[in-house]
Amino acid sequence: MKIGWIGTGIMGASMAGHLQFAGHELFLYNRTLDKAKPLIDRGGRWCDSPAAVASASEIVFTMVGLPADVEETCLGPQGILAADPPCRILVDMTTSEPALARRICKSAAKKGVFSLDAPVSGGDVGARNATLAIMVGGERMIFEEVLPLLRHMGKNIAWMGGPGAGQHTKMCNQVLIAGTIIGVCESLLYAERAGLDGQAVIDIIGKGAAGSWSINTLGPRIVQGDFRPGFYVEHFIKDMGIALREAEAMGLALPGLALVHQLYVAVKAHGHGKSGTQALMLALRQLNRPGQKGDGPHG
């Protein structure tokens, strides 16, 4: 098929690559050409705007950064829906706002285009290994049509309901990850202070009731002092902000999520917005510097 792909960052490049290796012809756009170069070198065709991608493609996938980027990419003057003729199906895989997903769906329908919101979970490892979880909102019939393409990128793929349902499901995912990652960092911080071998701790507790993707994937990176991004701190802050706003609109109090959000804001304020989410450990270490007044059982 002729497939458009917009957004070739840490995850998007790998995801698009799986489609390319499956034999599909790619039409590419990214704000930075260099990040698309490996795909272009393997035969992908560069386009100078999202609209140009949409004009050349049957299905267009987007994997960009912020809701504002999604809006510009899909609804902007050079966006996908400005193309003439446009693509037939638009699949936004960015983690974004449920309300925006619904708005894109309505705007797409006016152009005769079907749209799906299909955010993913699994980070850079899942993107590289094509093991992402993909949660999809939109028309069931269109989901079934796109499913064979999604299977090149993920192993756990589900239709969750109408427009916006994929994004709501991703918010559930991010709420859970927020609670898990602070547990991982606090656990390994405790191990450090107790003089334990961090990796040995991960090897045993990661196979028991405390086992999770976060401890087994991000835990070793923390132990090794590797804070390179699989998923940016600043993007996680964005996701938690969306979840908090949606929760407020539903009358929900999520104090655990609010706490982790604030800690990540502190991580970003210390210059780690482009670090991986495991950099939460840096904020917790800062809070627990040895020798600070008040440390220890006798204050």
(request) May I ask you to list pairs of residues, at least six apart or on different chains, whose Cβ atoms are under 7 Å apart, with the first in the range 225-248 being farther than 20 Å from Ile10 by Cβ and the second being of a type in the set (A, V, I, L, M, F, W, C) and part of a loop (DSSP other than H, G, I, E, B)? (result) Leu244/Leu254; Ala247/Leu254
(request) Would you check if there is a residue in the range 124-145 being on the phi > 0 side of the Ramachandran plot and without any contact (Cβ under 8 Å) to a residue 12 or more places away in the chain? (result) no
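Test Ile10 against the criterion of being hydrophobic (A, V, I, L, M, F, W, C) and surrounded by fewer than 22 Cβ atoms within 10 Å (Cβ to Cβ), and give yes or no.
yes
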(request) Evaluate the range 110-124: report whether one residue or more is at pLDDT 95 or above and in contact with a His (Cβ under 6 Å, 6 or more places away or on another chain). (result) no
(message) Filter the range 273-299 down to the residues that are within 18 Å of Val223 (Cα to Cα), modelled with pLDDT of 90 or more and not in a helix (DSSP H, G or I) and list them by number.
(response) Ser275, Gly276, Asn288
(request) Just give me the residues in the range 36-63 being under 21 Å from Met153 (Cβ atoms) and either modelled with pLDDT under 95 or in a strand (DSSP E or B) (or both), in sequence order. (result) Arg45, Ile59, Val60, Phe61, Thr62
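Of the residues that make up the range 226-242, is at least one part of a loop (DSSP other than H, G, I, E, B) and aliphatic (A, V, I, L, M)?
To start, the set of residues in the range 226-242 that are part of a loop (DSSP other than H, G, I, E, B) comprises 226-231.
Restricting the remaining residues to those that are aliphatic (A, V, I, L, M) gives none.
There is no residue in the range 226-242 that is part of a loop (DSSP other than H, G, I, E, B) and aliphatic (A, V, I, L, M).
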(message) What's the number of the only condition in (1) assigned to a helix (DSSP H, G or I); (2) touching a residue at least 24 places away in the same chain (Cβ under 8 Å); (3) surrounded by fewer than 19 Cβ atoms within 10 Å (Cβ to Cβ) that Asp84 fails to meet?
(response) (1)
(request) For the range 183-200, enumerate the residues that are part of a helix (DSSP H, G or I) and either surrounded by 19 or more Cβ atoms within 10 Å (Cβ to Cβ) or small (Gly, Ala, Ser) (or both). (result) Gly183, Val184, Cys185, Ser187, Leu188, Ala191, Gly198, Ala200
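Looking at the range 114-121, can you tell me whether even one residue there is crowded, with 23+ Cβ neighbours inside 10 Å and part of a helix (DSSP H, G or I)?
Taking every residue of the range 114-121 in turn, none turns out to be crowded, with 23+ Cβ neighbours inside 10 Å and part of a helix (DSSP H, G or I).
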(request) Please enumerate the residues belonging to the range 201-219 that are part of a helix (DSSP H, G or I) and either surrounded by 17 or more Cβ atoms within 10 Å (Cβ to Cβ) or touching a His at 6+ places or on another chain (Cβ under 8 Å) (or both). (result) Val201, Ile202, Ile205, Trp213, Ser214, Ile215, Thr217, Leu218, Gly219
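The values are calculated or read from the model by the stated rules, or taken from the named source; none is laboratory data. No experiment lies behind these values; they were computed from the predicted model shown. Note that each Cβ is placed from the backbone with ideal geometry, even for glycine, and that neighbours are counted across all protein chains shown.
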